[in-house]
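To start, the structure itself, in structure tokens.
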Amino acid sequence: MATEEQRSVPWLLDVPAAELQRIVSALYRVHRLISVITDLDTLLERIMEEGKQLAQAEACSLMLYDPVSEELFFQVALGEEGDQQTLKREIRLALDQGIAGAAAARREPINVEDVQTDDRFFRLADERIHFKTRSLLALPLLDRDKLIGVIEVLNKVGGGAFTTTDLHVMQMFCALSATTIANARLIEESLRAERLAAIGQAVAGLSHHIKNILTGMSGSVDLIDQGIEKENLEFLKRGWPILRRSARRIASFVENMLAFSKPRKPALETIDLEALFEEVSQTFWGLLLRRDVTLEMHVDKAVRRARLDSRGLYRCMLNLLLNASEAVSRGEGHIRMTAAKTDNGWLAIEVADNGPGIPDAYIHRIFEPFFSTKGSQGTGLGLAVTQKTVAEHGGQITVSRAPEGGALFRIVLPQEAPQDENRIEGL
């Protein structure tokens with residue numbers, strides 16, 4: 001018995017059940033493509049693969065419409081012999097040129113049983129790729145009456161012309177494909193706009209940060225020049241610390257950019273975590289002394305030997321300690337760095353301070369690349385790099401309110417059994 005859908009579309013009555021199931025399955029797959037594929041080129045390839053199978057054609061092609069030049073150009077060609085890139089590079093059709101152009105101009109499908117007897121047939125495409133087209137079905141792609149392009153299926157498998165059923169099925173296929181392509185283009189344009197906005201924001205922020213460093217460096221160079229010219233040691237003493245600090249800021253900035261720009265597999269080794277803490281504190285000794293900030297460090301004996309990427313963790317600790325040292329008040333600041341074992345045997349590292357803490361409005365954005373609460377003084381890369389490095393270790397970093405009143409950053413890292421050959425002396 002015919003279903004209600006078949007009665008409303010008479011040609012469905014002539015379609016065998018197995019064939020109808022094949023058609024519905026193909027249309028369903030195309031409908032799902034937009035939800036699983038966001039890359040437009042990949043999406044178009046998949047659509048054409050489905051179209052070729054659906055029409056049972058030897059070959060198929062997709063031509064997109066360029067509204068600026070008012071021409072059709074080949075985007076995808078499947079099944080033909082020869083160099084497919086030739087079609088993309090050299091063949092463009094004006095509206096009403098060739099069977100595809102005629103279908104686009106009339107916005108109606110055209111079914112030709114023998115193209116060799118049709119004056120509209122554009123023979124140059126066959127000549128360029130050494131292919132012989134016999135039968136052809138060209139269908140316009142329309143989305144809300146806007147021309148997207150034209151799909152052509154070539155040479156019915158087994159010979160003969162494409163049937164009326166093929167025509168109706170491909171019309172349904174093209175309607176669905178046109179909407180899918182239009183939606184994919186909207187997504188791609190949105191992503192492109194977001195990327196450009198993010199790049200612009202990042203470049204502006206990074207440029208401003210570099211400019212601030214260079215301003216301080218230029219001032220120190222002027223002082224040093226005057227000291228050398230006037231043989232004034234006081235000018236040299238005043239200029240040198242600024243120059244050294246600026247050089248360190250640039251080095252840290254470049255290292256963060258390199259760490260953020262590409263994925264890195266941690267080089268795990270057994271290290272002395274207490275020694276690493278000491279190395280990090282020595283790096284900031286001058287800054288902590290100038291700001292009169294106290295630093296408390298403690299590493300539990302159970303985790304002193306840890307399997308970590310020392311370079312990556314060192315960079316994380318530098319970023320967290322720098323943030324903490326800049327957040328606390330001069331003369332009253334206190335920072336705590338600790339390491340202990342969690343209940344499940346992982347390593348937990350905490351960096352806490354008694355500063356003002358992170359406003360609730362910023363908590364969910366604190367690890368975003370190029371987001372900074374420091375204004376022109378920050379790049380917004382430090383915490384993003386830290387989170388990336390922790391994730392590469394298979395761990396997690398969180399931020400909350402510290403008992404001291406400021407921010408508490410907690411890094412939790414998985415631990416393997418330390419290697420005996422890397423045993424640390426004295427443990």
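The values are calculated or read from the model by the stated rules, or taken from the named source; none is laboratory data. None of the values given here were measured: they were computed from a predicted structure. Counting neighbours? That spans all protein chains shown, and the Cβs are built from the backbone with ideal geometry, glycine included. The accessibility values were calculated without ligands, DNA or RNA, using every heavy atom of the protein model including side chains. Shrake-Rupley method; radii C 1.70, N 1.55, O 1.52, S 1.80 Å.
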Inset, instruction - Looking only at the stretch 322-351, count how many residues are open to solvent by less than 10 Å² (accessible area, probe 1.4 Å), over 34 Å from the mean Cα position of the chain (by Cα) and either free of Cβ contacts under 8 Å to residues at least 60 places away in the same chain or at positive phi (or both). - result: 2
Inset, instruction - Quick one: which residue in Arg134, Arg128, Arg123 is in contact with a Ser or Thr (Cβ under 8 Å, 6 or more places away or on another chain) and farther than 21 Å from Ser25 by Cβ? - result: Arg128
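Within 15 Å of Ala59 (Cβ to Cβ) and open to solvent by 10 Å² or more (accessible area, probe 1.4 Å): is that true of Glu152 in this structure? Spell out how you get there, then give the answer.
Working: within 15 Å of Ala59 (Cβ to Cβ): yes; open to solvent by 10 Å² or more (accessible area, probe 1.4 Å): yes.
Criteria met by Glu152.
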Legend entry - Every pair of residues 6+ apart whose Cβ atoms lie under 7 Å, when the first sits in the stretch 43-64 and is on the phi > 0 side of the Ramachandran plot while the second is surrounded by fewer than 18 Cβ atoms within 10 Å (Cβ to Cβ) and among the hydrophobic types (A, V, I, L, M, F, W, C): Gln56/Val157
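Right, Ala306: open to solvent by less than 70 Å² (accessible area, probe 1.4 Å) and in a loop (DSSP other than H, G, I, E, B) or not? Let's see the steps before the verdict.
Working: open to solvent by less than 70 Å² (accessible area, probe 1.4 Å): yes; in a loop (DSSP other than H, G, I, E, B): no.
Criteria not met by Ala306.
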Inset, instruction - Would you confirm whether any residue within the stretch 180-190 is surrounded by fewer than 16 Cβ atoms within 10 Å (Cβ to Cβ), in contact with an Asp or Glu (Cβ under 9 Å, 6 or more places away or on another chain) and of a type in the set (Asp, Glu)? - result: yes
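Check Leu313, Leu295 and return the single one that is out of contact with any Lys or Arg (no Cβ under 7 Å at 6 or more places or on another chain), open to solvent by less than 70 Å² (accessible area, probe 1.4 Å), at negative phi and not in a helix (DSSP H, G or I).
Numbers: Leu313 fails: not in a helix (DSSP H, G or I).
Residue meeting the stated conditions: Leu295.
I'd like the full set of residues that are hydroxyl-bearing (Ser, Thr, Tyr) and modelled with pLDDT under 75, limited to the stretch 359-383. Write out each step before concluding.
Restricting attention to the stretch 359-383, the residues satisfying the condition of being hydroxyl-bearing (Ser, Thr, Tyr) are 362, 372-373, 376, 379.
Hits for the stretch 359-383 are Ser372, Thr373, Ser376, Thr379.
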Inset, instruction - Determine whether Ile424 is open to solvent by less than 60 Å² (accessible area, probe 1.4 Å) and modelled with pLDDT of 90 or more. - result: no
Inset, instruction - Identify the residue in the stretch 277-286 that is crowded, with 19+ Cβ neighbours inside 10 Å and not β-branched (Val, Ile, Thr) and, among all such residues, is nearest to Pro414 (Cα to Cα). - result: Phe277
Legend entry - Qualifying helices (runs of 4 or more DSSP H) (wholly inside the stretch 1-87; at least 2 residues being surrounded by 19 or more Cβ atoms within 10 Å (Cβ to Cβ), among the hydrophobic types (A, V, I, L, M, F, W, C) and at pLDDT 80 or above): 40-55
Legend entry - So Thr386, is it open to solvent by less than 60 Å² (accessible area, probe 1.4 Å) and modelled with pLDDT of 75 or more: yes
Inset, instruction - Can you tell me which residue among Leu147, Leu142, Leu137 is touching a helix residue (DSSP H, G or I) at 6+ places or on another chain (Cβ under 8 Å), open to solvent by 40 Å² or more (accessible area, probe 1.4 Å), in contact (Cβ under 8 Å) with a residue 24 or more places away in the chain and not in a helix (DSSP H, G or I)? - result: Leu142
Legend entry - Selected residue (only one of Ala348, Ala327 is closer than 12 Å to Ile411 by Cβ, modelled with pLDDT of 85 or more, in contact with a strand residue (DSSP E or B) (Cβ under 7 Å, 6 or more places away or on another chain) and of a type in the set (Gly, Ala, Ser)): Ala348
